[in-house]
Structures are given as C-alpha cells and as structure tokens.
1. Looking for something over 26 Å from Ala55 (Cα atoms) and within 16 Å of ligand 2 (Cβ to nearest atom) - is there at least one such residue anywhere in segment 186-198?
2. So Asp94 passes all but one of these: (1) at pLDDT 90 or above; (2) more than 18 Å from Leu131 (Cβ to Cβ); (3) among the acidic types (Asp, Glu). Which condition number does it fail?
3. Looking at segment 65-74, is at least one residue within 12 Å of ligand 1 (Cβ to nearest atom), assigned to a helix (DSSP H, G or I) and in contact with a helix residue (DSSP H, G or I) (Cβ under 9 Å, 6 or more places away or on another chain)?
4. If I filter segment 281-299 down to residues being within 14 Å of Ala164 (Cβ to Cβ) and surrounded by fewer than 21 Cβ atoms within 10 Å (Cβ to Cβ), which single residue comes out as modelled with the highest pLDDT?
5. Quick test of your reading of the structure: Arg216 fulfils all but one of (1) crowded, with 24+ Cβ neighbours inside 10 Å; (2) in a helix (DSSP H, G or I); (3) out of contact with any Leu (no Cβ under 6 Å at 6 or more places or on another chain). Name the failing condition by number.
6. Can you report the number of residues in segment 250-288 which are over 17 Å from the mean Cα position of the chain (by Cα), in contact (Cβ under 8 Å) with a residue 60 or more places away in the chain and closer than 18 Å to Ser46 by Cβ?
7. From the list Leu106, Leu145, which residue is under 18 Å from Ser38 (Cα atoms), away from ligand 1 (no atom under 16 Å from the Cβ) and at pLDDT 90 or above?
8. Pairs only if they're at least six apart or on different chains, beta carbon under 7 angstrom, first in segment 141-164 and aromatic (Phe, Trp, Tyr), second within 16 Å of ligand 1 (Cβ to nearest atom); list them, first residue then second.
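The values are calculated or read from the model by the stated rules, or taken from the named source; none is laboratory data. Here the structure is a predicted model, which means the values were calculated and not measured. Here the Cβ positions follow ideal geometry from the backbone for every residue, glycine too, while neighbour counts run over all protein chains shown.
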Amino acid sequence: MAEQADSLRRWVHQKADDVTSEVLAGRLKGPHVLAISSGKGGVGKSNLALNLALALQSRGVPTAVLDADLGLANINIILGQEPDYTVFDVMQGDRHLADVMVPGPLGVLIIPGASGMAAAAAADLDQVQTLMAEFQSLESRVEWLVVDTGAGIAPAVLAFVAAADEALVVTTPEPTALADAYGLIRAVDDTMSPVRLHLVVNRASDAGRGQRTGERLADLVARALDRSVAVAGVVLEDPAVARAVVRQEPFYLGSPKSGARADVDRLADYLLDRVPAPRRGGIAGFVRRVMSAVPRARADDSREDTGLPAQNQENHRGVANDAAGAAPVPAGASVGPRAAEAPSSVTPGEGERR
Ligand SMILES: Nc1ncnc2c1ncn2[C@@H]1O[C@H](COP(=O)(O)OP(=O)(O)OP(=O)(O)O)[C@@H](O)[C@H]1O
Ligand SMILES: [Mg+2]
C-alpha cells in the first residue's frame, strides 16, 4: 500500500507541471473559483451550490462542486450519494482525484471533500503539492469550481472564502441571518483577501423586498467597511426546495417550472455576464492558498484561539450564541464600533415580515 502510494505521488509530481505553473504565473486564466458561504447555518448554501452548478452546466459551462463543509457532507446527502473516497484519499496519495470525483446530474462533477479538508491541518508540503497537482487536472476540465463551505467565521471556513475568486454570501431576510452575514463579510474583510463578494437573499417572500433587503446590507457594508458587495440576486421561498431535499433530487431538475429554478437561472446568468475573468491562479492557486491557511488556523484553534483579531473572536461567539438558540442577539452586537451598526441598520424594517 505504501509503495503504491509512493509511486502515485511520484507520478503526480511529474504531472505538477506546465499548466499549473502557467496558471499560477497568470499566463493562463484558469477556472473561476466561487465559494458559497454564510454567516448563519441552514440558510440554503448547499442547495444553492448544487443547483447553481446545474444551472451553469446546463448553459454549456462545465462545472464542478467541491463539498468543503467541515461538518456534514451536504451535497452528497442532497444527491443521495454515498461516495467511497474523499479528497483526504487524494491528499494521502492513495487515490487520484479522478477516482474520487462522482459524476452528478448533467455531468456536473461532485468532489466529496469534507473529511479531506479537516485533515488538511496535518498536511505536509508533499501532500500540498500532491493536492495541487491533482486539482490541476481539473483546470482544463471545468470553467467554474463551486465550493460549498461551512457556515460562520471559523478560520477553516474563512480560509476557503478568502482563497476564492468570488464568494456568494447567502442570507435569509431574518435579522439574525443578516447580522451574521455582516459578521462574515467583516471577517473576510479583515483577512485582506481580494475575493469579490456577492450577496444572495434566499427564502425571500417577495423579489422586490428581498432585493431591498440585500441592498440595505450592501449599503451598510459599503459605509462601515468601505467594501463593495454586489447583490447577485434573490431566491424566493419555494416548497420545491424542501421537497427536493426529501426526494434527494435537485429542484433544478425535479421541479423545472419552480420559481426557485428561475431564480437560480438568473443567478447563473449574473455570474456569467457580470463576473470578470479570474486572476488568482485558477484552481491550483486556490488549493495552495487554502492549504497554507488551514494548518495555521487549526493550530490556532487548538490553543482555543481563532487566530483572528480580537474583535472577530467576539463576533464568532455572537454567531455561536445565536446558533445555540440564545436570545437572538445579532452576531455583531457586542463587537466594537465597526459592527455596532449592524443590528439596527440591517434589520429589514418594513422589509420581509408581512
Ligand atoms: N428557497 C428556499 N425555499 C424553501 N426552503 C428552502 C429554501 N432554501 C433552503 N430551504 C430549506 O432550508 C434547508 C437547508 O438548506 P441547506 O442545507 O442548503 O442550507 P445550508 O446553508 O447548506 O445549511 P448548513 O449550514 O447546515 O450547511 C433545506 O433543506 C430546505 O428545507
Ligand atoms: Mg450545507
């Protein structure tokens, strides 16, 4: 077994080659890497990641989905798949990425990643190179890599968002979700990453109100953080989504006439029309940034310290309180001047609640 792993590793390193160095040097553009993230959990990230990938694929744009949630392997559950291997096996040099990827509907490639990402903490340089080389094989196969991340501002989540070209920050119109979305954006801003941020308001009761809610949050971010966040779109509350989860068939295919599908189609058009060419080294660049950030973050975690500036740790606790069902104190409420504004300004006011 060890011998097999060794020869696989050698093979991979020979292949860690010209395409990767060309992409990293910026001579080739490489695919777009899009992180789907949220401050609050359960707001619809995994469903959006998968169905958006299907919308891109159905437009003739080859797409892969990386399940990078450190908790549950969400994408596979939504699809009713039980993958045999994950990115962990690739990192160990035991499997090629091609053997780990599961073909999804319409030819979307699904990459089970959860346990592999958690193990990234212990990765050595050799393993980082192995992963980069393996992911490089995707460089010529897909145009978009959609990354379903966990919720919140844990360092391992931030590592994925900060490493991406684009991030969709998903929120619902609820004040707690909006405040946590603001907390996530602020934490990303603190990383100084050039990732471009876009907002999606999911489960809105009405398109216009959802849009206004998104714009209010974007305004707050512009004023408080001096950072521009575009409202990418709104997805309406739609019973087809929950139905699809139960049936383990994505609503994009199972309910082709649903409002949710139309909204996701609009989001895909937004991405294809409005997002500029990526310039951060494609997938290999993304993997390299994640792998160099995750071990640091994990080491910091083990010292019971998030490794982030103090104000972020406060904010992190806010999110945790909220998740634990404490009084709905918005994540940013106790966090110092930059976030103090979040709760009242973001709360929808005349907005979503009828
Ligand atoms: N537009 C929608 N309309 C109706 N229900 C929705 C919608 N979007 C999501 N849901 C419901 O929310 C549930 C959670 O969605 P999903 O698993 O995609 O969230 P998540 O953000 O990935 O969660 P986690 O943070 O746990 O990974 C779905 O199972 C579905 O019931
Ligand atoms: Mg999820």
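1. There is no residue in segment 186-198 that is over 26 Å from Ala55 (Cα atoms) and within 16 Å of ligand 2 (Cβ to nearest atom).
2. (2)
3. yes
4. Arg289
5. Looking at each condition in turn, Arg216 falls short on (1).
6. Qualifying residue count for the region: 6.
7. Leu145
8. From segment 141-164, the pairs are Trp144/Leu34; Phe160/Ala35; Phe160/Ala68; Phe160/Val147; Phe160/Thr149.
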